[in-house]
Amino acid sequence: MIRTTFVPAFAGLLFISILNWNCTKIDTTTLGAGLIPGIDNVNTFDTTFNIIANNIDSVPAGRECAIIYPTDDHALGYIGNDPLFGTTRATIFTELKPGTFPFTFQARPNERTLDSVVLVLSYTRVFGDTNQMQRVSVHELVNTTPFRPDSSTCTTYPFFLNALGATSYIPARLKDTVKAFRDTSINQLRIRLSAAFGQRLLALDTIKTDSAFKAELKGFAIVPDNLGNALTYYSLIDLRTKLAVYYSFKRANLTDSQTVVNFGLYPGDKSANNITRNRTGAEINNFSNNNSNPNGDNFVYIQTSPGSFAQLRIPGLTGLSNRIIHRAELIVEQAPPTGLDNVFAPPSFLYLDVKDTGNFFKPIPCDFTVVQGQPDIGTFGGFRTNVKDPSGINNVARYTFNISRYIQKIITNNRSVTALRLRAPNQIFVPLSYTDECGILVTSFISPVNFVAFGRVKLVGGTGSGTAPNRMRLRVVYTRL
């Protein structure tokens, strides 16, 4: 049985989405440009509607368990000092196996001599403080729970308490060049494992099948200590992620030979990424009241999944007279940065959807479209842009959403004004195709938009923020009928 490697799709999808966005992005500074009042006795107006925004923290109830796949970058590490959102711990579980079966090391078991065994992770990026020391340990999984083909960030697997090995590292140094036998590379986290574990592997005879190998080695848990203030990210399907077994062997009348065998993550192999949030002592606790404030919260806290979200209501839309909507944008902005906001970056993308029946949500009707199997988020909006805060000094994040046709539907058809949800998912998806209430076909899709647990932001609220110029708002350009 020959295995092939995955072809990661995230980078391509993200590049296409960003390219499309750059061609069609919404510029709120020119909202209503080209609409000239007074022609043919038609007047065009620009108005703003207030938003009532309430924080909802999904973490304590365990309701947000982001789905990830082996092709996704996995987070590892510990954030111990985020005054806004508390602590985060990210643990990786993964299989690492031979690329083909039957498998055997060269020579007979008694002719092999271990040099070392190293678990190597292919580093991609970091979220948080790059200069604080981190420490992780590697453990062997026990066999009580089998891996699933996809995993949730709430997934966890049992492992032996005794570590096979551990290492300390500074995230900023992971880009440094590493030189090893037949491997000179950058962007690696290398964890040397115990000689006893390596010798156990070298003692194996020919292994004929994948299941037979699993009986010998279930997989690994890579577990962070309570040290550091960052999450580092790794591609498990990259060929640089591996269990490298360095050994020598000698046969009769031959000199010693040194070699290395690499076990990796291949199609059909599985992984999981457990991410645990702890809000104790965090500022978000002052506002996570689960929609109990009728006037809305003056700040909104959004953390990339698994995390928090906000419910938005726009009461001013109820009972509006008939009019033509030229443009309707929902605008949200980051509060002026404080503390560690320069360390913990805002999410690259926020997503807006609408409440359906019960506690289910669906894409915004009429404005959310799917083109060639992927959501047209370049037109719909949600990508982060940078603007100046009201002081004109600080750069802050701004997110805008084009919901013009949805607002028109509310007015023209007297559609009920339902609650909206604002969040930072790692992916958005529609499991089944359907036709929305404007007759637009929304085909099923899955689209990565953020790296899991990467990003958090404190936003200025709506009506709870009084008359703040950067408060959350719906800006509408319209013509009266």
Quiz item: Can you name every residue in region 386-429 that is in a strand (DSSP E or B), surrounded by fewer than 16 Cβ atoms within 10 Å (Cβ to Cβ) and hydroxyl-bearing (Ser, Thr, Tyr)?
Solution: none
Quiz item: If you take just the strands (runs of 3 or more DSSP E) that sit entirely in region 162-269, which of them hold at least 1 residues that are of a type in the set (D, E, K, R) and free of Cβ contacts under 8 Å to residues at least 60 places away in the same chain?
Solution: 178-180
Quiz item: In region 141-179, how many residues are under 24 Å from the mean Cα position of the chain (by Cα), over 20 Å from ASP72 (Cα atoms) and among the polar types (S, T, N, Q)?
Solution: 0
Practice problem: Name the single residue, out of those in region 76-126 being charged (D, E, K, R) and part of a loop (DSSP other than H, G, I, E, B), that is nearest to the chain's Cα centre (by Cα). | Solution: ASP82
Quiz item: Counting only residues that are outside any strand (DSSP E or B) and touching an Asp or Glu at 6+ places or on another chain (Cβ under 9 Å), which one in region 270-282 is modelled with the lowest pLDDT?
Solution: ARG279
Practice problem: Can you tell me which residue within region 284-311, out of those that are part of a helix (DSSP H, G or I) and over 22 Å from the mean Cα position of the chain (by Cα), is farthest from LEU96 (Cα to Cα)? | Solution: ASN286
Quiz item: What number of residues in region 127-161 are at pLDDT 95 or above, of a type in the set (A, V, I, L, M, F, W, C) and not in a strand (DSSP E or B)?
Solution: 1
Quiz item: Just to be sure, is LEU231 assigned by TED's automatic domain parsing to the domain that holds GLY80 and touching a strand residue (DSSP E or B) at 6+ places or on another chain (Cβ under 7 Å)?
Solution: yes
Quiz item: Which is of a type in the set (D, E, K, R), assigned to a loop (DSSP other than H, G, I, E, B) and within 22 Å of the chain's Cα centre (by Cα), of ASP341, ASP367?
Solution: ASP341
Self-check item: Matching residues in region 167-180 - criterion: being at pLDDT 95 or above, surrounded by fewer than 17 Cβ atoms within 10 Å (Cβ to Cβ) and in contact with a strand residue (DSSP E or B) (Cβ under 6 Å, 6 or more places away or on another chain)
Solution: THR167, SER168
Quiz item: Got at least one residue in region 467-479 being in contact with a strand residue (DSSP E or B) (Cβ under 7 Å, 6 or more places away or on another chain), under 22 Å from GLN311 (Cα atoms) and small (Gly, Ala, Ser)?
Solution: yes
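Conditions (1) within 23 Å of ILE191 (Cα to Cα); (2) surrounded by 20 or more Cβ atoms within 10 Å (Cβ to Cβ); (3) in the same structural domain as ASN229 (by TED's automatic domain parsing), marked per residue:
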position	(1), (2), (3)
THR88	yes, yes, yes
ARG108	no, no, yes
THR113	yes, no, yes
LEU121	yes, yes, yes
GLY128	yes, yes, yes
GLN132	yes, no, yes
VAL142	yes, no, yes
PRO149	no, no, yes
Quiz item: Out of (1) outside the structural domain of ASN450 (by TED's automatic domain parsing); (2) touching a Lys or Arg at 6+ places or on another chain (Cβ under 9 Å), what's the single condition that is false for VAL261?
Solution: (2)
Quiz item: Taking interchain pairs and intrachain pairs at least six residues apart, which have beta carbon atoms under 6 angstrom, with the first residue in region 127-139 and hydroxyl-bearing (Ser, Thr, Tyr) and the second at pLDDT 95 or above and in a strand (DSSP E or B)?
Solution: SER137/ALA166; SER137/VAL223
Quiz item: Does VAL460 satisfy the criteria of being in contact (Cβ under 8 Å) with a residue 60 or more places away in the chain, farther than 30 Å from THR91 by Cβ, surrounded by fewer than 20 Cβ atoms within 10 Å (Cβ to Cβ) and of a type in the set (A, V, I, L, M)?
Solution: no
Quiz item: Across region 350-402, what is the total count of residues that are of a type in the set (Lys, Arg), at pLDDT below 95 and within 22 Å of LYS458 (Cα to Cα)?
Solution: 1
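The values are calculated or read from the model by the stated rules, or taken from the named source; none is laboratory data. Just so it is clear, the structure is predicted and the values come from calculations on it, not from any experiment. In this analysis, Cβ positions are derived from the backbone assuming ideal geometry, glycine residues included, and neighbour counts consider all displayed protein chains.
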